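Data first, discussion second: the structure below is written as structure tokens.
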Amino acid sequence: MARIELPDGNEPDRARMWQMIAPDIGTAAERFSEAIQRESIVPVPEHEAARIRIAHINGCEPCSDARIADMDAFGLDEAFYNDVDDPALRHRYAPRVRLAIGFAERFAEGAQAFDDAFWAELRKGFSDAEIIDLAASCAKWLGLGRINAVLDLSVACPIRITPSRNARPIAAA
């Protein structure tokens, strides 16, 4: 149950929340969210690792339960999602996936969490455009997910997330 009193209606909690202050803000938030997902250039494994790490940091259950559609096509399974929080299991992930997880953790912590050594490693593994994409994605997940978690809004996040239009499935073996 939401921590705030929402107006009556059949819309999702989040839509009714935005109606209380300015519906245009809700529309802008949804457009931002959709554009980030649709246009991402970060490969699905890196994107999903960062997303699920932020979801767990936020304590957002619907976000934590959501999965990319057709996980197999991108080489993902439940262990990929379940093990992302455990530093002892990070060796199981590809180097770029580990960097994406580290980026998400630091992003949630704040700018002071990014040291020169991490930046050097990140810049070796990701293009500047991918870093911008990852930062915008983390901003989306952290900000909008935190609103949902803090206000205890019931959210109708999709159980299966549509990959970006730039997503490339892994080649069949």
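Applying a threshold of 8 Å to beta carbon distances and a minimum spacing of six or more residues, or different chains, the list of pairs starting in region 18-41 at a residue that is of a type in the set (A, V, I, L, M) and part of a helix (DSSP H, G or I) and ending at one that is surrounded by 15 or more Cβ atoms within 10 Å (Cβ to Cβ) and modelled with pLDDT under 90 reads ILE25/TRP18; ALA29/TRP18; ALA29/LEU144. Here is a list: ILE36, ILE4, ILE25. Which entry is under 27 Å from ILE68 (Cα atoms), touching a helix residue (DSSP H, G or I) at 6+ places or on another chain (Cβ under 8 Å), exposed (fewer than 15 other Cβ atoms within 10 Å of the Cβ) and modelled with pLDDT of 85 or more? Going through ILE36, ILE4, ILE25 in turn, the sole match is ILE25. The single condition among (1) modelled with pLDDT of 95 or more; (2) assigned to a helix (DSSP H, G or I); (3) hydrophobic (A, V, I, L, M, F, W, C); (4) over 12 Å from the mean Cα position of the chain (by Cα) that ALA73 does not meet is (1). Among the residues of this structure, ASP13 counts as one that is touching a Ser or Thr at 6+ places or on another chain (Cβ under 6 Å) and of a type outside the set (Gly, Ala, Ser).
For region 84-122, filtering for residues that are closer than 18 Å to ARG51 by Cβ, free of Cβ contacts under 8 Å to residues at least 24 places away in the same chain and among the acidic types (Asp, Glu) leaves 2. Could you tell me whether any residue of region 56-72 is touching a residue at least 60 places away in the same chain (Cβ under 8 Å), more than 23 Å from ARG38 (Cα to Cα) and not basic (Lys, Arg)? Looking through region 56-72, at least one residue is touching a residue at least 60 places away in the same chain (Cβ under 8 Å), more than 23 Å from ARG38 (Cα to Cα) and not basic (Lys, Arg). If we scan region 81-102, do we find a residue that is in contact with a strand residue (DSSP E or B) (Cβ under 6 Å, 6 or more places away or on another chain) and either part of a loop (DSSP other than H, G, I, E, B) or under 30 Å from ASP8 (Cβ atoms) (or both)? Looking for residues that are in contact with a strand residue (DSSP E or B) (Cβ under 6 Å, 6 or more places away or on another chain) and either part of a loop (DSSP other than H, G, I, E, B) or under 30 Å from ASP8 (Cβ atoms) (or both), one finds none in region 81-102, hence no. Within region 39-49, work out how many residues are within 10 Å of TYR81 (Cα to Cα) and aliphatic (A, V, I, L, M). Adding up the residues that qualify gives 1. Take ASP65 and tell me if it is exposed (fewer than 13 other Cβ atoms within 10 Å of the Cβ), within 23 Å of SER154 (Cβ to Cβ) and of a type outside the set (A, V, I, L, M, F, W, C). Judged against the criteria, ASP65 is a match.
The values are calculated or read from the model by the stated rules, or taken from the named source; none is laboratory data. Note that the structure is a prediction, hence the values are computed from the model and not measured. Backbone-built Cβ (ideal geometry, glycine too); neighbour counts: all protein chains shown.
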